[in-house]
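Peer 1: Before I ask anything, let me first share the structure, which is written out below as structure tokens.
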């Protein structure tokens with residue numbers, strides 16, 4: 001059984017930036033999903049839920065074309081690429097709970113290290 005590690009964080013203005021499909025911008029920034037197909041909205045919701053993120057506070061004004069983005073492989077599975085924007089999220093004040101193994105572990109470890117620079121397994 002994997003041990004659980006708890007890290008208390010006092011985050012005030014800690015942010016994280018993800019490159020995501022530009023088509024998600026209206027939904028993520030304004031809450032307007034009318035331009036998305038239901039499966040596109042679900043992909044955006046799934047991305048946020050898996051990372052326990054709130055809606056972003058801003059996004060870049062200029063899009064760029066990329067083969068991959070931070071929600072891959074959830075979208076663009078066909079490898080067609082597309083326009084992305086950089087979305088900025090405020091990390092919520094919370095206690096991070098993580099397993100010491102599995103795919104989520106490394107992502108949480110990186111966030112934990114950025115929070116206070118002290119992390120040990």
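Peer 1: Using a 7 Å offset from Cα along Cα-Cβ at residue 88, what residues in region 23-50 end up with backbone N under 20 Å from the label point?
Peer 2: The answer is 23-31, 48, whose backbone nitrogens lie closer than 20 Å to the label point.
Peer 1: Here's a follow-up. Given the Cα-Cα distance of residue 30 and residue 60 and 0.36 nm per residue of separation, how much length would full extension add, in nm?
Peer 2: 9.4 nm
Read-outs throughout are calculated quantities, based only on the coordinates presented, and are distinct from any laboratory measurement. In this text, all values refer to a predicted model and were calculated from it rather than measured experimentally. Glycine also receives a Cβ, built like all others from the backbone with ideal geometry; neighbour counts cover every protein chain displayed.
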